[in-house]
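Enquirer: Okay, here's the structure, questions in a sec.
Bear in mind that the values in this text are calculations on the coordinates, not laboratory data. This structure is a prediction, so every number in the text was calculated from the model and none was measured. All Cβ positions, even for glycine, are placed from backbone atoms using ideal geometry, and neighbour counts span all protein chains on display.
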Amino acid sequence: MTPRQEQILQAIVELYAETAEPVGSLALCQQFEMSSATIRAEMAELERQGYIMQPHISAGRVPTDRGYRFYVNGLGDRPADRRTEQALARRIKSAGEVEQAIKSAVESLAHVTHNLGLGTIGRNLYLSGMASLFQHPEFYGGQQAYEVARLLDSLEEWLAEAAPNDPISVYIGHENPIGRSSGATLIISRFESPYSDRSYIGVLGPTRQNYGPVIGLVEYTGRLLAESIN
């Protein structure tokens, strides 16, 4: 991929996250000093390579799972709003008991990311923000909502079996072992605790989201919980 194509893909990912509308060449012309014909040619090449797709005739383009993966892999530092981080730290550190700390973390992530917050320690799974999850237009009903429900039903068992071991793991769309057709992304952080060697905190939301800040917040919350519990 050329640097120009990479810039265009980044713009498509970020505009689509913001508007939930397919991105056309005219919208991109406002960001780049290029003609609409040049941008259309670059978009056609990105589509040929499988990074974006046209959801229907006469529409703009949206990222594919492959496009999102390229974008996420290219993220450098994951900046999060400092005030949001401070608010998370206050809630978690003032929670006291372990169970309350995890509940506070899950509820806080659901609130600030507008995704489903989730956490697990030992055999206990905590969820918050189901209403927020299904308010996203991707999940208004039909097959994708069913696939998300399947993923949630099997989430605890899958985490126990797969045991993601990195401080942050991102499973985009078809990368999810369950609910592959859900159009959902699972962002999960494993954190150390004396209660279980498989403790996780994270969010589940649509593939269309603002990855940088959300990944940064999940990773930060994992570190907070490890410090607070240990």
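Enquirer: For a footprinting-style exposure proxy, rank LYS103, LYS93 by other Cβ within 10 Å, fewest first.
Expert: Going from sparsest to densest Cβ surroundings: LYS93, LYS103.
Enquirer: If you don't mind, another one. Mind ranking 171-183, 41-53 by how tightly packed they are, going by the mean number of other C-beta atoms within 10 angstrom, highest first?
Expert: 171-183, 41-53
Enquirer: Calculate the length of the line joining the C-alpha centroid of the stretch 99-142 to that of the stretch 158-208, in whole Å.
Expert: What the calculation gives is 13 Å, centre to centre.
Enquirer: Quick check on the chain: helices-only [θ] at 222 nm, where DSSP H runs of length 4 and up contribute -39,500 (n - 2.57) each and the sum goes over total residues. Nearest 500, please.
Expert: -16000 deg cm²/dmol
Enquirer: If you average 1/r over all unlike Cα pairs in the stretch 3-73 and invert the result, what Kirkwood radius do you get in angstrom?
Expert: After inverting the pairwise mean of 1/r, the radius is 11.8 Å.
Enquirer: To continue, here is another question. Round to the nearest 0.05 the FRET efficiency obtained for GLU99 and GLN7 when R0 = 41 Å and r is the Cβ-Cβ distance.
Expert: With R0 = 41 Å, the Cβ-Cβ based efficiency is 0.35.
Enquirer: What are the equivalent ellipsoid semi-axes of the stretch 10-121, built from the alpha-carbon gyration tensor (square roots of five times its eigenvalues), in whole angstrom, biggest first?
Expert: 39, 15, 12
Enquirer: For the stretch 115-166, compute Rh as the Kirkwood radius over C-alpha pairs and then the Stokes-Einstein diffusion coefficient at 10 °C and 1.306 mPa s; write the answer in µm²/s, rounded to an integer.
Expert: For these conditions, the coefficient is 131 µm²/s.
Enquirer: Test of understanding: in a Gaussian network model of the chain with alpha carbons linked when under 10 Å, which of ALA163, ALA105, ALA145 would top the mean-square fluctuation ranking?
Expert: Result for the chain, Cα springs under 10 Å: ALA163 fluctuates most.
Enquirer: Once phi is turned into θ = phi - 60°, what whole-Hz ³J(HN,Hα) does the Karplus curve with 6.51, -1.76 and 1.60 give for every residue of the stretch 34-43, x standing for Gly and Pro?
Expert: Karplus-based 3J(HN,Hα) across the stretch 34-43 equals 9, 6, 5, 5, 5, 5, 4, 5, 5, 5 Hz.
Enquirer: From the phi angles alone, apply the Karplus equation (6.51, -1.76, 1.60; θ = phi - 60°) to the stretch 14-21 and give each ³J(HN,Hα) in whole Hz, x where the residue is Gly or Pro.
Expert: Ordered by residue, 3J(HN,Hα) equals 6, 5, 5, 4, 6, 9, 6, 10 Hz.
Enquirer: Lys and Arg at +1, Asp and Glu at -1: add these up for the other residues within a Cβ distance under 9 Å of ALA184 and post the number.
Expert: Spelling it out: positives minus negatives among the neighbours equals -2.
Enquirer: What is the calculated FRET efficiency for ASP166 to GLN86, with r their C-beta to C-beta distance and R₀ = 35 Å, to the nearest 0.05?
Expert: 0.85
Enquirer: Please report, in whole Å³, the volume per residue of the convex hull around the C-alpha atoms of the chain.
Expert: 121 Å³
Enquirer: Another question, if that's okay. When only C-alpha pairs under 8 Å and at least 6 residues apart count, what is the relative contact order of the chain, in percent?
Expert: Rounded, it is 20 percent for the chain.
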